[in-house]
1. Quick one: pull the percent of accessible area on the stretch 10-76 belonging to carbon and sulfur, 1.4 Å probe, ligands and nucleic acids left out.
2. Given the C-alpha centroids of the stretch 16-57 and the stretch 78-117, what is the distance between them in whole angstrom?
3. What are the trypsin sites (Lys or Arg not before Pro) within the stretch 1-81 that DSSP puts in a loop, where the Cβ has at most 12 other Cβ atoms within 10 Å?
4. Rolling a 1.4 angstrom probe over the protein heavy atoms, how many square angstrom per residue are accessible across the stretch 78-140?
5. Under the rule of -39500 (n - 2.57) per DSSP H run of 4 or more residues, summed and divided by the residues of the chain, what mean residue ellipticity at 222 nm is obtained, to the nearest 500 deg cm²/dmol?
6. From the square roots a ≥ b ≥ c of the eigenvalues of the alpha-carbon gyration tensor of the stretch 78-140, which class results: rounded (a/c under 1.5), prolate (a/b over b/c), or oblate?
7. Express in % the proportion of alpha carbon pairs of the chain at distances exceeding 24 Å.
8. Where the accessible area of the stretch 78-140 is counted over protein heavy atoms with a 1.4 Å probe, how much of it, in %, is carbon and sulfur?
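The values are calculated or read from the model by the stated rules, or taken from the named source; none is laboratory data. All figures in this text were calculated on a predicted structure; none of them were measured in a lab. Here the Cβ is made from the backbone with ideal geometry for all residues, glycine too, and neighbour counts use every protein chain on show. Side chains included, ligands, DNA and RNA excluded: accessible areas come from the protein's heavy atoms. Shrake-Rupley method; radii C 1.70, N 1.55, O 1.52, S 1.80 Å.
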Amino acid sequence: MITRIDHLGLAVHNLDTAVAYYEKALGLKCEHREEVPSQQVRTAFFAVGEVHLELLEPTSDDSPVAKFLLKNGEGIHHIAFASSAIGEQLTQAADAGVRLIHETPFAGAGDNLVAFLHPKSTHGVLTEFCAPISASESAN
Ligand code: CO
């Protein structure tokens, strides 16, 4: 079950200048930075109430975010829904005919298990499901 919007992923060319924008122009505070080798990105997180912003800078030209930036430029990259059961969430989407990018969840940023739905199946929105690794039924 989807319980809330966990975060919005925002693709940026340069994490440092983007963090400076959110801190100086919007007055938000960067809570956490992390490199995610599985996605070839460096990330920075900001809390906005119970929703987070996840800034994403690619660490290689092969990164999915590098490809996104090349095609679309900077901007909103994905929406992430917190799910109480990420495996069931993927099964439900697949049963509804949605194309999965990941059949099984993997370790993403912030000690979460994550998996993505393909934007061609989701009306143009790259969609992530996430659940804390400790709380997930599929943490193997
Ligand atoms: Co994300």
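1. Working: 2090 of 3920 Å².
Using a 1.4 Å probe with all protein chains present, the stretch 10-76 comes out at 53 percent carbon and sulfur.
2. 22
3. Values: sites: R4, K24, K29, R33, R42, K67, K71; in loops: K29.
When the trypsin sites (Lys or Arg not before Pro) of the stretch 1-81 are filtered for loop state and at most 12 Cβ neighbours within 10 Å, K29 remain.
4. On the way: 3220 Å² over 63 residues.
Per-residue accessible area for the stretch 78-140 comes out at 51 Å².
5. Working: 3 runs with 29 residues, N = 140.
Theoretical 222 nm ellipticity from helices: -6000 deg cm²/dmol.
6. Numbers: a/c = 2.21, a/b = 1.54, b/c = 1.44.
Here the stretch 78-140 falls in the prolate category.
7. Cα-Cα pairs of the chain separated by over 24 Å account for 28 percent.
8. On the way: 1690 of 3220 Å².
Carbon with sulfur: 52 percent of the solvent-accessible area.
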